[in-house]
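Structure record follows, encoded as structure tokens.
The values are calculated or read from the model by the stated rules, or taken from the named source; none is laboratory data. This is a predicted model, so every value here is computed, not measured. Here the Cβ is made from the backbone with ideal geometry for all residues, glycine too, and neighbour counts use every protein chain on show.
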Amino acid sequence: MIHKVQKKKKDKGNKKNFIMPIYGSRDLEDPIPKYSMPEGSIDPRHAYALVKDELMLDGNSRLNLATFVTTWMEDEARQLMTETFDKNMIDKDEYPQTAELEERCVHILSELFNGPDENDTCGCSTTGSSEAAMLCGMALKWKWRDRMKAKGKPTDKPNMVISSSVQVCWEKFCRYWEVEPRLVPVSEGHYSMKTKDVLEACDENTIGVVAILGTTHTGEFEPVKEYNDALDKFNAETGYEIPLHVDAASGGFIAPFLTPDLEWDFRLKWVKSINVSGHKYGLVYPGVGWAIWRDSEELPEDLVFRVNYLGGEMPTFALNFSRPGNQIIAQYYNFIRLGKEGYTRILQSCMDTAEFLKEELEETGVFQSLIKQLHMPLITFRIRRDVDADFDVFRISEMLRHRGWLVPAYTMPENCEDDKVLRIVVKEGMSMDMAHLFMEDMRRILEYLQTDDHSAKKSNKNTLKQC
Ligand SMILES: *Cc1c(COP(=O)(O)O)cnc(C)c1O
């Protein structure tokens, strides 16, 4: 958010612009300005209390079913992260062991994604999939430009073929790096790109096609193999070399464990790079992500900077310089702590909970899942068209919030705007017990909303109170 608070800052007479310490009767007396730096200092205890109290108004992250991002880690992981908050990832010469752990993580991921050559793995950590998308997108653009230059062709009109259900980071990439986004529309009941539409959007200026493993809107895995095979033929016919990038922000930590036979990764010839969020199903607190290339051939040398002012000569490819090192340490912790067995167990249990919720929601007779078969622990559901409801998903979202559940309601992308949906992302911290409690609340809400006679609100006090 870009805050514009100038007006408030000037208005020093307005009490609203000060924090009035509630502890005034004890030992905090003076109001503290909100929008300018206070003249004096206060005791750390008081500062802690003031900030902590204000944050009580935030939602409870454990009940945040909107986010894909980790909201629970075990105590040992928290402890390790706390102990390593002071490590700056960029100081690779000073913290060679942290750098080593990052490298091991890249190798582990490259292997998990079936990289073709274990002696030539290539990748880096990022602050999340968004930064990884910028880096992988740049590599695609640079490679395309080199190909065009070699053919003596103009390089001023690059485009990228993406789904209209794409996460905003790709629209950002296109705008920031001046690439025309070719949005392939999705349609109701079919929320991934059709292969034929992908090919139609491609031409000589296409720097790459982005396939999504776990779309933001419905959690579907796009058919990467189908795109790959079609592109293989298309490239052979046209002489183009249009590559695929897989946005596996969520799916990159799901498919290798739950559907290992699904070919979506470097087993496919045209998949040149993959991004994945360590802080989603990699099970680390925000923010860590990963960009992994098929091999070093796919990452143009002139994108990599080498600096020597920290001692040693370190190659870096990142948008930021300084960045916390502890999230990478936590990622490595998860890898050795959980192993494939642990990740599989946790993800299977998330899937079971998601399937349970899907069934229960459909059993209410009010809701319908947008897709029949879940690909990841995410349920997007709408109010059935044949239910004559005088409430909408936005109202349900609001009422769930009264009980602390954070469930977003939104409209689907262009072409499917009539679909107004609710979405639940099941993460490790959402136990089956919590899912039962959620359904109890959901049923109470439906009962309340479906009571025609609003005076019933009064005669049915229990229902009302518990909503
Ligand atoms: C979450 C997500 C992103 C953005 O990832 P961050 O790690 O939050 O930056 C990109 N693409 C998809 C498909 C996502 O689900």
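Set side by side, the residues 362, 341, 301, 297 differ, and just one is away from the ligand (no atom under 16 Å from the Cβ) and surrounded by 15 or more Cβ atoms within 10 Å (Cβ to Cβ), which is 362.
Only a single criterion out of (1) touching a residue at least 40 places away in the same chain (Cβ under 8 Å); (2) more than 16 Å from the ligand (Cβ to nearest atom); (3) within 16 Å of residue 124 (Cβ to Cβ) is not satisfied by residue 324, namely (2). Annotation: residue 254 fulfils all but one of (1) over 27 Å from residue 424 (Cβ atoms); (2) in contact (Cβ under 8 Å) with a residue 60 or more places away in the chain; the unmet one is (1). Tell me whether the stretch 116-127 contains one or more residues that are closer than 22 Å to residue 326 by Cα and not in a strand (DSSP E or B). Yes, because at least one residue in the stretch 116-127 is closer than 22 Å to residue 326 by Cα and not in a strand (DSSP E or B). Restricting attention to the stretch 226-260 and to residues that are among the aliphatic types (A, V, I, L, M) and not in a loop (DSSP other than H, G, I, E, B), the residue that is nearest to the ligand (Cβ to nearest atom) turns out to be 246.
The single condition among (1) within 16 Å of the ligand (Cβ to nearest atom); (2) closer than 30 Å to residue 377 by Cβ that residue 189 does not meet is (1). Within the stretch 129-179, restricting attention to residues that are touching a residue at least 40 places away in the same chain (Cβ under 8 Å) and either touching a Cys at 6+ places or on another chain (Cβ under 7 Å) or at positive phi (or both), the residue that is surrounded by the fewest Cβ atoms within 10 Å (Cβ to Cβ) is 130. Here residue 395 clears all of (1) among the charged types (D, E, K, R); (2) modelled with pLDDT of 95 or more; (3) touching an Asp or Glu at 6+ places or on another chain (Cβ under 6 Å) except the condition numbered (3).
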